[in-house]
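One structure below.
Coordinate-derived values only; no laboratory data. Quick caveat, the model's predicted, so the values are computed rather than measured. Here the Cβ is made from the backbone with ideal geometry for all residues, glycine too, and neighbour counts use every protein chain on show.
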Amino acid sequence: MPYLRAIIFVLAMTGAFVVFVPVQWLARRRRWALRHRIQTGFCRVMCRIIGIEVEESGAPGGAGPRFVVANHVSWTDIIALASLYPLVFLAKAEVASWPVLGFLARLQGTVFVERGNRRAIPIVNAALAERLRAGDDVVVFAEGTSSDGAGVLKFNASHFAMLSGLAESNQDAAKPTLVPTAIVYTRRSSTGERLDVGWYGDMTFLPHLWSLMKRGGAKCHILWGEAVDPSSGDRKALAAATEASVRELLAADLSAAGGKRA
């Protein structure tokens, strides 16, 4: 079965570059609504091939644009979220140079940030604000890195800084909604115990992808929290409130699962 998944994955990626890439490039340049359907459709196919079932609890609040802030477990968080809704992601600068995946990330309008370079933060925040003003929903993994998903790391407040200005804007369309979001992976079996699909440390991409294909049967739970008013505090207060909300979502999910996801 994993060998079949791998063959289908290669065929799907080849087909994507022949058909999907040219059409999506044109759709994004012309801002056709088709670009959203292409993104979500492609990500749904990738999730199915890799063996990840996506399940959401609740829905992202607010009328949009939405500033979605989530914990980060694996690169699969991106395709899981984007299989549900058309989204723009913030990613570390190294991703832009990755073979294949970097190209696809750039094609989808990903905003890249050079981690550790604080002087670049205002430029990145301006790019995020521009996407929000354009009506795009933006996703930021505020931990700044991925983990095994067992807990939540401290949320970095840097990218919350531009929310207050947008919230106070006279243009109603530019006022964002801050949406805390929790991500957890479990086995697809009836036990529903937590599954470590994290990509962290010195893991390399292809071996990690192969391990996911061999394992299969994973379920990604997307837990949407109550919207936070972006004008309710400064960047540090917003980061703390969002982090607390994500922790509560994960704790409530663990409680509902009877502790099996610990």
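With neighbour counts taken as other beta-carbon atoms within 10 Å, the residues K214, K219 rank, fewest first, as K214, K219.
Taking other C-beta atoms within 10 angstrom as a stand-in for reagent exposure, Y3, Y85 fall in the order Y3, Y85, fewest first. Shown is the FRET efficiency for R187 and R115, computed with R0 = 35 Å from the Cβ-Cβ distance and rounded to the nearest 0.05: 0.65.
Simple rule: put +1 on each Lys or Arg Cβ and -1 on each Asp or Glu Cβ in the chain, find the dipole, and look at I7, F141, I38; the Cα lying farthest toward the positive end is I7.
Dividing the Cα radius of gyration of the range 16-126 by its Kirkwood radius returns 0.96 for Rg/Rh. Over the C-alpha atoms of the chain, the Rg to Rh ratio, Rh being the Kirkwood estimate, stands at 0.95.
Shape class of the range 98-159 from the Cα gyration tensor (axes a ≥ b ≥ c, square roots of the eigenvalues): oblate, since a/c reaches 1.5 or more and a/b does not exceed b/c. For the chain, a crude dipole built from +1 on the beta carbon of Lys and Arg and -1 on the beta carbon of Asp and Glu, taken about the Cα centre, is about 760 debye to the nearest 20.
Within 10 Å of each residue's Cβ, count the other Cβ atoms and sort S57, S189 from fewest upward.
Fewest-to-most Cβ neighbours within 10 Å comes out as S189, S57.
For the pair R28 and W98, label points projected 7 Å from Cα toward Cβ lie 1.5 nm apart. Close lysine pairs were tallied over the chain: pairs 8 or more places apart or on different chains with Cα atoms under 29 Å apart number 12.
Between A126 and A251, the modelled label-to-label distance comes to 4.0 nm, taking each label 7 Å out from Cα in the direction of the beta carbon.
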